[in-house]
Amino acid sequence: MDYTLLAAQAIQAKKISLPTYSNFHVGAALLTADDKIYLGANIETSSYSLTICAERTAIFKAILEGERKFKAIAIASDAEDFIAPCGACRQIISDLCGEIDIIMTNQKDELKILKTSQLLPFAFSDKDLQ
Ligand code: THU
C-alpha cells in the first residue's frame, strides 16, 4: 500500500483523539499483513499517567480483533515536525508488531520512515525470557 494513504488515515484519526489535558491530538493508522487498517488515537484521563498513546490504541484494537501480522504504522500530530513513538510504544510495537515500517508525518506532508529496530535497537523481547 502507498504509505501516503496510510499517513492520510493517521491524520484523519486525530479527530477521534481525546487529549483532554494536553490538547495534543495524535492519530495512528496500523496496516495489517493483509492490508486492513486499524485507527488509533490518544486518550487521556484525569489520572494523567493512565493516558494511552495513539499507537497503542490502534495496536490493541487490532490484536483484540484477532490480527497478529503487521506491515506498518503511521503516526500524525499537529506538531510542525515529525513525532516519533514514545519509549513505551516502541516496546509495544517491537513485541506485538515486530519489524515493521514506522511512518512519521509532519505539516509539510513529508514522511519519515524507519524500521522498528532503528527506533528501538537492542530491544528486550520474549527471547530474553527463555
Ligand atoms: N502521544 C501519543 O499518542 N503518541 C506519541 O507518539 C507521543 C505522545 C500522546 C500521549 C499524550 O496524550 C499526548 O500525546 C502528549 O504527550
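The values are calculated or read from the model by the stated rules, or taken from the named source; none is laboratory data. On a predicted model such as this, the values are computed, not experimentally measured, just so you know. FYI the Cβ positions are ideal-geometry reconstructions off the backbone, even for glycines, and counts take in every protein chain you see. Calculation scope for accessible area: heavy atoms of the full protein, side chains included, ligands and nucleic acids excluded. Shrake-Rupley method; radii C 1.70, N 1.55, O 1.52, S 1.80 Å.
Count, please, the residues in the stretch 78-87 that happen to be over 11 Å from the mean Cα position of the chain (by Cα) and either among the hydrophobic types (A, V, I, L, M, F, W, C) or under 14 Å from Ala28 (Cα atoms) (or both).
Restricting attention to the stretch 78-87, the residues satisfying the condition of being over 11 Å from the mean Cα position of the chain (by Cα) are 78-82, 87.
Narrowing the set further to residues that are either among the hydrophobic types (A, V, I, L, M, F, W, C) or under 14 Å from Ala28 (Cα atoms) (or both) leaves 78-79, 82.
Number of matching residues: 3.
Look through the stretch 23-51, keep the residues that are near the ligand (Cβ under 10 Å from one of its atoms) and closer than 24 Å to Tyr3 by Cα, and return whichever of them is most open to solvent (accessible area, probe 1.4 Å).
Ranking the candidates gives Phe24 first.
Yes/no per residue for (1) part of a loop (DSSP other than H, G, I, E, B); (2) within 23 Å of Lys127 (Cα to Cα); (3) among the basic types (Lys, Arg):
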residue	(1), (2), (3)
Gln9	no, no, no
Lys14	no, no, yes
Ser22	yes, no, no
Leu31	no, no, no
Cys89	no, yes, no
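Look at the stretch 3-16 and say how many of its residues are more than 13 Å from the chain's Cα centre (by Cα) and either surrounded by 12 or more Cβ atoms within 10 Å (Cβ to Cβ) or at pLDDT below 95 (or both).
Going through the stretch 3-16, the residues more than 13 Å from the chain's Cα centre (by Cα) turn out to be 3-5, 8, 12, 15-16.
Add one more test, that the residue is either surrounded by 12 or more Cβ atoms within 10 Å (Cβ to Cβ) or at pLDDT below 95 (or both), and what stays is 3-5, 8, 12, 16.
So the answer is 6.
Scan the stretch 112-130 and report the pairs whose first residue is β-branched (Val, Ile, Thr) and whose second residue is open to solvent by 90 Å² or more (accessible area, probe 1.4 Å) and part of a loop (DSSP other than H, G, I, E, B), with Cβ atoms within less than 9 Å and a gap of 6+ or a chain change.
Cβ pairs passing all conditions: Thr116/Glu99.
I'm checking my understanding of the structure. Among residues of the stretch 85-130 that are under 21 Å from Leu50 (Cα atoms) and touching a Lys or Arg at 6+ places or on another chain (Cβ under 8 Å), which one is farthest from the ligand (Cβ to nearest atom)?
In this case the residue turns out to be Ile92.
Determine, yes or no, whether Ala58 is surrounded by 24 or more Cβ atoms within 10 Å (Cβ to Cβ) and within 13 Å of the ligand (Cβ to nearest atom).
Details: surrounded by 24 or more Cβ atoms within 10 Å (Cβ to Cβ): yes; within 13 Å of the ligand (Cβ to nearest atom): yes.
Yes.
Restricting to the stretch 15-42, name every residue that is of a type outside the set (S, T, N, Q) and more than 21 Å from Asn106 (Cα to Cα). Spell out how you get there, then give the answer.
Taking the stretch 15-42 as the starting set, the residues that turn out to be of a type outside the set (S, T, N, Q) are 15-16, 18-19, 21, 24-31, 33-41.
Tyr21, Ala33, Asp34, Asp35, Lys36 - these are the residues of the stretch 15-42 that are of a type outside the set (S, T, N, Q) and more than 21 Å from Asn106 (Cα to Cα).
In the stretch 1-22, which residues are in contact with a strand residue (DSSP E or B) (Cβ under 9 Å, 6 or more places away or on another chain), among the hydroxyl-bearing types (Ser, Thr, Tyr) and either without any contact (Cβ under 8 Å) to a residue 60 or more places away in the chain or within 14 Å of the ligand (Cβ to nearest atom) (or both)?
Across the stretch 1-22, the qualifying residues are Ser17, Thr20.
When the stretch 47-67 is examined, which residues are found to be over 15 Å from the mean Cα position of the chain (by Cα) and either free of Cβ contacts under 8 Å to residues at least 12 places away in the same chain or closer than 19 Å to Ala8 by Cα (or both)?
Ser47, Ser49, Leu50, Leu64, Gly66
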